[in-house]
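As structure tokens, the structure follows; a few thoughts come after it.
The values are calculated or read from the model by the stated rules, or taken from the named source; none is laboratory data. Just so it is clear, the model here is predicted, and its values are computed rather than measured. A quick note on method: Cβ atoms are made from the backbone with ideal geometry, for glycine too, and the neighbour counts reach across all protein chains shown. Remember, those area values only see protein heavy atoms, side chains included, never the ligands or the DNA or RNA. Shrake-Rupley method; radii C 1.70, N 1.55, O 1.52, S 1.80 Å.
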Amino acid sequence: MKILLVITIFAATAWASDPWPTRIPDNLALCYVNKTISDRYRRMPNSMENLVALIRKVEAHPDTALWTMGKMASTLIHRFRYDGIIDIPDAGPDVVPVVNERAESDKYRLQWRLVPGSASDFPESSLTMEEKCSMHWMLSYTVNHTARADTRGTVGRSLTDTDSEESEGHEHHHGEHHGTEEDKDKDSHETSDGDVVDHENENPTEENPESGENKETPVVESAERTEDDPVEESVPEEVVETDEVPEEIPEEIPEDVPEEMAEEQPEEVADTDSGAVDLSEDYGPSEDDNSDGDFWSRKRREADAIAAQPLEVGVVHTKYGTVAAGPVLAGIAAGSEPQSALLKDLIKEPAMELSDSSMERVVESIWVATLAADIAQTSLLRTPKKMESFGPGGQWNCTLCPREYKLNTREHSMLTNAEFYGGVDGLLMAKRMATWDTSSYMKLSAVLEMYYSETGIHGDTKYRACNRLYNYRDDEIIDQAMLKEQSLNAALVMYSRGIDGAPTVLPGVKPADQIGQYINTTMNAIYTFVDGYLSTSNNVDFTQCKGAYTQPTGEPTPATYTDLTFVVDQNTDAVSIYSQKDLASALALALDIQLGGSRMEVVSSKDGTPFMDLNATRNRAELACSISNLPIGNSERRVADTLDRTRSRILTERSSEKANKIAGANKRSILFFVTSSISAEKDKIKSVLLKMLQEMPDVHIMFATLANPEELRPFVANFDRDIIRMNLFTKYHEAAPEIAKRLATVGARLSYPECKDISTSSNTTEAKYVYTGFLNAHTVQYFRLGPENFYSSKELYLRFKSLYGLARYCVSTTKERPGTGDNCKSALKAGDTIEFKFNQPCGKMVPNQCTNIYISVAPASIDDNMPCSEKECHTPDQVKFTFTHSGMRCNGAVAGAVLSHLTLVLVALMTWFLNRK
């Protein structure tokens, strides 16, 4: 039975201990009251990238420095997970109507008992309120059947359908775009599908980021679409008048709705004295209901409308299929500290009797906290009714910013594809925790990042998401007999506790025997699903792989870090602007944006003013969503002015490098998107570009163009690399992988800001400049050391040292990407220093003989068995190295003459470069 609950908001409090919570904690209730945070169209993305980024923030907090990943997982589960919460939209101020899905909360109550942990251990200052709520929504599972306004066709802003289940290489994006600066005064738009799009009247409130409390009374915001929200590709839904109830939605629950759903109607308001949501053991209605009848009658009518495609909550998008994240973390927590319990210890007040032998059965946490509980649940609540016991899959609103996931069908099992994938992943990890959790260098974020990657877990590479189905079918990894036994034991606990919708056991039949048959039916359905995927190479959900990862032969993948400025061309229509935002969002996901990695900003084509600067966030999933929501309208395009403003900003960025002893930095790139000819600005662009190259010759310019690429040739260093022909792509965002690939081949910057120092302490000063780099497995990073740093050097020494892992270092003065066949040296053990010596690299004071020194760093083929265990290491297979130098000078007895000569040569070369056709 579902109960409509009202929450009065209090300050968030931590639990003193962690018994099963019979109420929704106040600190989670805040997520539903704060209308800015709870706005389903503004939430942070539900993706594995976002989950990993948030966990990494918690791991960076000093209070968690000594935590194992099992401790981290269990704390996050107890602090943020609460299955079965269904929020009801359009609540009044200071209240949150919440429907409790008892079938989910009953299952989770069993799992809670088996996963030790304490919510009070969580360092509250490690995440903002928005991030905490995002963590809660990603970990807390339920299926929301409520038909919202957008799914009934009453509001134009809709979560739209997509053509198929999300898969690698099949992303769904915006098809039609609306909302320009010129449209802001209009009350509504007409979409291509005929839907009316009304603008949202936003009432921003000033918030305390830590408490999440509003300084103004929360108000109900419209669920309508704003002009700066992305429009998803859609299968148009039928539009009805906004003040009428669609004829196809009956007043009563449809007959095809599951039987237990028809029984679970919202009842009375249960309001505790403390103001928190009371989820008592029997989940019964309040005996004293003084609520306003009209309000709750209206809410009852709204709940009666069942969505054709329910929302599956508590799932995250990954490259390898949508996954229920709660069971994944629960598996890691359970595997870290396995628990077992007799049924008689779990069932204190049985609603249904079991035999004495059944009460002696044992439940084991690694099975029941992951997959077995879902098998038990669907076997009890679906299989006896001859309903599907497995599936379905679903569709994301948009894979660039995945916020909501709709199941493909109204009817669904209690073991959806996402629950199955999450349960299998959690079980596989639980069984390996005895090995992984003993390694101090294995962090939770690293395990998740590696498992949901092509390469898999470091040192255990057959454990990777794309191989989950093969691992599931391997009886040496997952004992199917044990899985069936544990599923039955979990089902018996739920049955005896009186879970709603459980079947009636026939007279004279033991519950274990009858329920065991239901378990067999579900296990057979799973077998059929898995066998069908593996036997036909079915890649609808995700691209399968088999076995351990095999390192490819040949040169490693370029992965140079970049600080990218993306210039949006605003001198175009709204459709193109939205498509450009799609491209920028896709780039944010394609680049390795994270702390210590790449960064990205988006600026105006009018004057280079940032819509979002480089330091906005290092969470690439959040960045992609933020870009898609940027309110960018039509304006002028002034490439030269934008370039000049960006030049000034880069100079400001570098002004503190001397004081901070910066020895190197990411490649600085500027990507202009141009939809039409820029020939009118040609001369002015040349002038600004010449000035920039004189000051900062390492800045990299690229163009993504729909115009004639030849007119852009004078402005780039490498025409084939730096010009992206957008007409080769069906949709703008499809160009993102190619752009990211090209950016990764351009060398990052090594520098010595004090190269002019000729004092007696110059050697001491030079020794303070140390560049520290982190190199991912199977990748290569490129660097450029420009002659502006060493043109008067006599003996120049470049030194590299591997601290964790081993690397191969190559140098060249002719090839931008040195590698095999060039001057290469490899470290043989950790701590080895590799040295390259250059005698008078610029010749005998002949500046035009100066060339760049190009460097590449790649992991060596030798494993030193020293995993990267420092706090800055993202994964244990990273290589940590340092770069130092001596004898780097840009001065001399004839420094003035040399510099003057060098400048003239540079100017002559640049003038020729900029005027070539």
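Which one of these does Tyr518 not meet: (1) aromatic (Phe, Trp, Tyr); (2) surrounded by fewer than 21 Cβ atoms within 10 Å (Cβ to Cβ); (3) closer than 24 Å to Arg102 by Cα?
Going through (1) aromatic (Phe, Trp, Tyr); (2) surrounded by fewer than 21 Cβ atoms within 10 Å (Cβ to Cβ); (3) closer than 24 Å to Arg102 by Cα one by one, Tyr518 breaks only (2).
Collect the residues in the range 560-591 that are buried (at least 24 other Cβ atoms within 10 Å of the Cβ), small (Gly, Ala, Ser) and touching a residue at least 60 places away in the same chain (Cβ under 8 Å), keeping them in residue-number order.
Within the range 560-591, Ser585, Ala586 qualify.
Within the range 440-490, can you find the residues that are touching a residue at least 24 places away in the same chain (Cβ under 8 Å), open to solvent by 30 Å² or more (accessible area, probe 1.4 Å) and assigned to a helix (DSSP H, G or I)?
Across the range 440-490, the qualifying residues are Glu449, Tyr470, Arg473, Gln480, Met482, Lys484.
Could you tell me how many of the residues in the range 775-812 are part of a strand (DSSP E or B) and open to solvent by 40 Å² or more (accessible area, probe 1.4 Å)?
7
Among the residues of the range 405-414, are any part of a helix (DSSP H, G or I) and open to solvent by less than 10 Å² (accessible area, probe 1.4 Å)?
no
I'm trying to understand the selection: among the residues of the range 677-699, which are open to solvent by 40 Å² or more (accessible area, probe 1.4 Å), in contact with a Lys or Arg (Cβ under 9 Å, 6 or more places away or on another chain) and acidic (Asp, Glu)?
Within the range 677-699, Glu695 is the sole residue that qualifies.
Based on what the data block shows, is Leu630 touching a helix residue (DSSP H, G or I) at 6+ places or on another chain (Cβ under 8 Å), at pLDDT 95 or above and either on the phi > 0 side of the Ramachandran plot or not small (Gly, Ala, Ser) (or both)?
yes
Using beta carbons and a limit of 9 Å, which pairs, at least six apart or on different chains, have the first residue in the range 418-432 and touching a residue at least 24 places away in the same chain (Cβ under 8 Å) and within 16 Å of Ser74 (Cα to Cα) and the second one polar (S, T, N, Q) and assigned to a helix (DSSP H, G or I)?
Taking only residues 6 or more apart or on different chains, the pairs are Ala430/Ser336; Ala430/Ser365.
Working carefully through the options Pro350, Pro392, find the one that is closer than 22 Å to Val509 by Cα, of a type outside the set (A, V, I, L, M, F, W, C), open to solvent by 10 Å² or more (accessible area, probe 1.4 Å) and not in a strand (DSSP E or B).
One residue alone meets the criteria, Pro350.
What number of residues in the range 592-613 are part of a loop (DSSP other than H, G, I, E, B) and open to solvent by less than 10 Å² (accessible area, probe 1.4 Å)?
Qualifying residue count for the region: 3.
Considering only residues of the range 98-113 that are acidic (Asp, Glu) and either farther than 23 Å from Tyr32 by Cα or assigned to a helix (DSSP H, G or I) (or both), which is farthest from the chain's Cα centre (by Cα)?
Only one residue fits best here, namely Asp106.
Among the candidates Thr543, Thr521, which residue alone is β-branched (Val, Ile, Thr) and closer than 29 Å to Ser453 by Cβ?
Thr543
All but one of (1) in a strand (DSSP E or B); (2) over 27 Å from the mean Cα position of the chain (by Cα); (3) not polar (S, T, N, Q) hold for Arg713; state the number of the condition that does not hold.
Here Arg713 clears every test but (1).
Can you tell me which residue in the range 856-878 is most open to solvent (accessible area, probe 1.4 Å), limited to those that are under 18 Å from Asp832 (Cα atoms) and either in contact with a Lys or Arg (Cβ under 7 Å, 6 or more places away or on another chain) or β-branched (Val, Ile, Thr) (or both)?
Per the criteria, the residue is Ile862.
So Tyr549 clears everything in (1) touching a Gly at 6+ places or on another chain (Cβ under 9 Å); (2) assigned to a helix (DSSP H, G or I); (3) open to solvent by 10 Å² or more (accessible area, probe 1.4 Å); (4) not aliphatic (A, V, I, L, M) except one condition, right? Which one?
The failed condition is (2).
Restrict the check to the range 304-313 and report whether at least one residue is over 29 Å from Ser134 (Cβ atoms) and surrounded by fewer than 24 Cβ atoms within 10 Å (Cβ to Cβ).
The answer is yes; a qualifying residue exists.
Looking at Glu636, Glu622, can you tell me which residue is open to solvent by 10 Å² or more (accessible area, probe 1.4 Å) and assigned to a loop (DSSP other than H, G, I, E, B)?
Unique residue meeting the criteria: Glu636.
When the residues of the range 63-81 are narrowed to those that are in contact (Cβ under 8 Å) with a residue 24 or more places away in the chain and open to solvent by 30 Å² or more (accessible area, probe 1.4 Å), which ends up farthest from Thr435 (Cα to Cα)?
Asp63
Suppose we filter the range 752-774 for residues that are surrounded by 13 or more Cβ atoms within 10 Å (Cβ to Cβ) and either under 22 Å from Tyr854 (Cα atoms) or in contact with a Gly (Cβ under 7 Å, 6 or more places away or on another chain) (or both); how many remain?
Qualifying residue count, the range 752-774: 12.
For the range 722-732, name all the residues that are assigned to a helix (DSSP H, G or I) and buried (at least 16 other Cβ atoms within 10 Å of the Cβ).
Asp722, Met726, Tyr732 - these are the residues of the range 722-732 that are assigned to a helix (DSSP H, G or I) and buried (at least 16 other Cβ atoms within 10 Å of the Cβ).
Scan the range 790-800 residue by residue and report those that are closer than 15 Å to Asn891 by Cα and modelled with pLDDT of 95 or more.
Hit for the range 790-800 is Leu796, nothing else.
Of Ala740, Ala748, which residue is under 23 Å from Arg649 (Cβ atoms), among the aliphatic types (A, V, I, L, M), open to solvent by 10 Å² or more (accessible area, probe 1.4 Å) and in contact (Cβ under 8 Å) with a residue 24 or more places away in the chain?
Just a single option satisfies the conditions, and that option is Ala740.
Does Thr642 satisfy the condition of being modelled with pLDDT under 95 and either outside any strand (DSSP E or B) or within 28 Å of Ser856 (Cβ to Cβ) (or both)?
Taking the combined requirement at face value, the residue does not satisfy it.
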